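Undergrad: Handing you a structure now.
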Amino acid sequence: MSKTITTQAFAGQRPGTSGLRKKVTVFQQPHYLENFVQAIFDSVPELDGGVLVVGGDGRYYNRTAIQTILKMAAANGVAKVLVGKGGILSTPAASCVIRKYGAVGGIVLSASHNPGGPDGDFGIKYNISNGGPAPEAVTEAIYARTQTITEYQLADAADYNLDTLGEGELAGMQVVVLDSVLDYSELMAGLFDFAAIRAWFAAGHAMRFDALSAVSGPYAKHIIEGVLGAPEGTVVNGEPLEDFGGHHPDPNPAHAHELMEAMFAADAPDLGAASDGDADRNMIVGKKLAVTPSDSLAIMAANATLIPGYKDGLSGIARSMPTSQAADVVARALGIPCFETPTGWKFFGNLLDANRATLCGEESYGTSSDHVREKDGVWAVLFWLNLLAATGKSVSELVSAHWARFGRHFYSRHDFEGLDTDAANGLMEHLRGLLGGLAGQQLHGLTVKLADDFAYTDPIDGSVSKKQGIRVLFEDGSRVVYRLSGTGTEGATLRVYLERYVADAAGHGEDTQSALAALITISRELAQIAERTGRTEPTVVT
């Protein structure tokens, strides 16, 4: 039996680059979550009579939200829901499960790398049948529905037991509680040389995987310590906690403090790694060396044929526009295309489905391949483990050899967080006003080759996405890129991306910020950051 609940629309329920993210307290408002979930059911009629996957990263409010979604799914005619045990389902595992069991789609609960807890953030997004985030046509339809909604459907039923594996029923709807770790582990075993990695650990090599008290912990512990035989304790902070144990679950040098200290110590293990709140991001660290995500993507692409799942080579590479051009250089050497897309994993889906790209990456610590339709943190770590086992080289040796062959792309991102939204929007409009006259100008010794507001035409379906970031490209291959982030929940975040290419190995040892000094100055002056925002230094540098 279901009830029809009268409601009113909430302003501001438009999904960002990866779903709707707000403070937990916003989602706890009566009807707020329900409105958005009903908008999904109203916008995806195939769910009536279909199979839905539901799960999240275990952050605060995850269990409560899942119970609501299950009751709404039953009331809206969903035939079957697959839900992660305890409500836990990493984002890449959700993609894996959607694809493996032929679901219509999935509702994934996460605010990714954003902090958790009662005062933290929460998020929800819809993934389509290929396992990837819904494209803009779907998210815009969901948003439009949130603005006209007047009622939603809710089954009158008790909460469902999420902690016992197996099948059951909720208000006439079949519910299957599954252990997604096993499905995901099976997928990984088909891609990587687990025997070689086991031998690498058995030979005395060591690693440290910091799960940051987030959802990657169960997956990493099962595969790395269980299947691959790494010593117990290799995975630290491995239990998902509702507040991530106070960690900021963003795997970068600025937030993964414990890992960076361990990797820069005299007794550092051979490989350091971390993942984020929902396990779709990764950071790779060698002894006294943090590998940039842009370099990681390029190195993985250049060495992909060493991995069993990619032994036949790559059909192409795709990267988000702000990600460095290191992958482009590798693609040219391999004779394959490299696609430049807007930020947001949803833009890779069509390329992967059409077999135009095999590896994809974003500068924001996201890397993956065509095995799922999400970025995948544990997969990336296993890829690096397989490379170390197959080559016998260290992380530093792999990176140095790559730079020697392809040149080094010095790269950094400067984030100015919590800006006044009007000031941030004004800064971007100021930059757009400069675009027409920048080409040919000399700025601190660098000549502007091209300046534009990046637009993307999808080569598969022809859809067009405009205003995806301001690019200033220089004659020597250097770049400055500006974007306003779509993943925050308070104020605006201005991201400034800086890139400089150095071919000569003699210059590869310079400190990154020193190598980028001229571009840093240009980026601040051109955008009038201090004058318009009151900020003279970024909040976070990665």
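Undergrad: Just to be sure I follow: if Rg is taken over the C-alpha atoms of the stretch 272-423 and Rh is the Kirkwood radius over the same atoms, what is Rg/Rh?
TA: Numbers: Rg = 15.0 Å, Rh = 15.6 Å.
A ratio of 0.96.
Undergrad: Right, something else. What is the distance, in nm, between label points placed 7 Å from the Cα along the Cα-to-Cβ direction at His508 and at Arg535?
TA: Once both label points are built, they end up 3.3 nm from each other.
Undergrad: Where does the charge balance sit around Val472 when Lys and Arg score +1, Asp and Glu -1, over other residues with C-beta under 13 Å from its C-beta?
TA: On the way: positive: Arg432, Lys449, Arg471, Arg479, Arg483, Arg500, Arg524; negative: Asp452, Asp453, Glu475, Asp476, Glu499, Glu525.
In short, +1.
Undergrad: Taking a cut-off of 24 Å, what percent of all Cα-Cα pairs in the stretch 4-162 are separated by more than that?
TA: Details: 2953 of 12561 pairs.
Everything past 24 Å amounts to 24 percent.
Undergrad: Also, quick follow-up: Accessible area per residue for the stretch 1-96 in Å², computed with a 1.4 Å probe and the full protein assembly in place, what is it? Before the final figure, lay out the partial values.
TA: Working: 3140 Å² over 96 residues.
Averaged over the residues of the stretch 1-96, the accessible area is 33 Å².
Undergrad: Between the stretch 164-180 and the stretch 489-513, what is the C-alpha centre distance in whole Å?
TA: The stretch 164-180 and the stretch 489-513 have Cα centres spaced 48 Å from each other.
Undergrad: Just the accessible area per residue of the stretch 410-542, please: how many Å² with a 1.4 Å probe?
TA: Numbers: 5950 Å² over 133 residues.
Value returned for the stretch 410-542: 45 Å² of accessible area per residue.
Undergrad: With the Cα gyration tensor of the stretch 172-278 giving a ≥ b ≥ c as the square roots of its eigenvalues, does the rule (a/c under 1.5 for rounded; else a/b larger than b/c for prolate; else oblate) give rounded, prolate or oblate? Mind dumping the intermediate values first?
TA: Numbers: a/c = 2.64, a/b = 1.20, b/c = 2.21.
Oblate, since a/c reaches 1.5 and b/c is not below a/b.
Undergrad: Another question, if that's okay. Taking the stretch 161-257, which chymotrypsin sites (Phe, Trp or Tyr not before Pro) meet the DSSP loop condition and have no more than 16 other C-beta atoms within 10 Å?
TA: Working: sites: Tyr184, Phe192, Phe194, Trp200, Phe201, Phe209, Tyr219, Phe244; in loops: Phe192.
Sites meeting the loop and neighbour criteria: none at all.
Undergrad: Give me D for the stretch 104-196 in µm² s⁻¹, whole number, from Stokes-Einstein with Rh from the Kirkwood sum over alpha-carbon pairs, 10 °C and 1.306 mPa s. Numbers along the way, then the final one.
TA: On the way: Rh = 17.2 Å.
In µm²/s, the coefficient rounds to 92.
Undergrad: Given (i) 22.8, 73; (ii) 27.7, 99; (iii) 32.8, 96 as candidate values of Rg and Dmax of the Cα atoms in Å, which corresponds to the one derived from the coordinates?
TA: Recomputing Rg and Dmax of the Cα atoms in Å here picks out (i).
Undergrad: Using a 1.4 Å probe on the protein heavy atoms only, what accessible surface does Arg479 show? Give it in Å² to the nearest 10.
TA: Answer for Arg479: close to 10 Å² accessible.
Undergrad: So, in nm, how far is label Ala141 from label Ala11 when the simple model puts each one 7 Å beyond its Cα toward the Cβ?
TA: Rounded to a tenth, the inter-label distance reads 2.7 nm.
Undergrad: For the stretch 113-212, report the accessible area per residue in Å² (1.4 Å probe, heavy atoms, rounded to an integer).
TA: Numbers: 4060 Å² over 100 residues.
I get 41 Å² per residue for the stretch 113-212.
Undergrad: Can I ask one more? Within the stretch 309-364, what whole-number % of the accessible surface is contributed by carbon and sulfur, with the 1.4 Å probe and all protein chains included in the calculation?
TA: Values: 700 of 1640 Å².
It is 43 percent, rounded to a whole number.
Undergrad: Rounded to a whole number, what is D in µm²/s for the stretch 436-542 from Stokes-Einstein with the Kirkwood radius over alpha-carbon pairs (10 °C, 1.306 mPa s)? Present the calculation step by step, with values, prior to reporting the outcome.
TA: On the way: Rh = 15.6 Å.
So the translational diffusion coefficient is about 102 µm²/s.
Undergrad: Considering only the other residues whose Cβ falls under 15 Å of the Cβ of Ile307, what net charge follows from Lys and Arg at +1 and Asp and Glu at -1?
TA: On the way: positive: Lys311, Lys393; negative: Asp193, Asp312, Asp370, Asp376.
Counting the neighbours of Ile307, the net charge comes to -2.
Undergrad: While we're here: Considering only Ile124, Ala390, Ile299, whose Cα is most displaced toward the positive end of the charge dipole of the chain, charges sitting on Cβ of Lys, Arg (+1) and Asp, Glu (-1)?
TA: Going by the Cα projections, it comes out as Ile299.
Undergrad: Still on this structure: Can you list residues from other chains, or at least 5 along the same chain, whose modelled amide H is less than 5 Å from the amide H of Val78?
TA: Long-range HN contacts for Val78: Gly49.
Undergrad: Can I ask one more? For the stretch 13-84, what is the per residue volume of the convex hull drawn over the alpha-carbon atoms, in cubic angstrom? Intermediate values should be presented prior to the final figure.
TA: Values: hull volume 6.9 nm³, N = 72.
Spread over its residues, the Cα hull of the stretch 13-84 gives 95 Å³ apiece.
The values are calculated or read from the model by the stated rules, or taken from the named source; none is laboratory data. It should be emphasised that the depicted structure is a prediction, and the values quoted were computed from it without experimental measurement. A quick note on method: Cβ atoms are made from the backbone with ideal geometry, for glycine too, and the neighbour counts reach across all protein chains shown. Just so you know, the surface numbers come from the protein's heavy atoms only, side chains and all, with ligands and any DNA or RNA stripped out. Shrake-Rupley method; radii C 1.70, N 1.55, O 1.52, S 1.80 Å.
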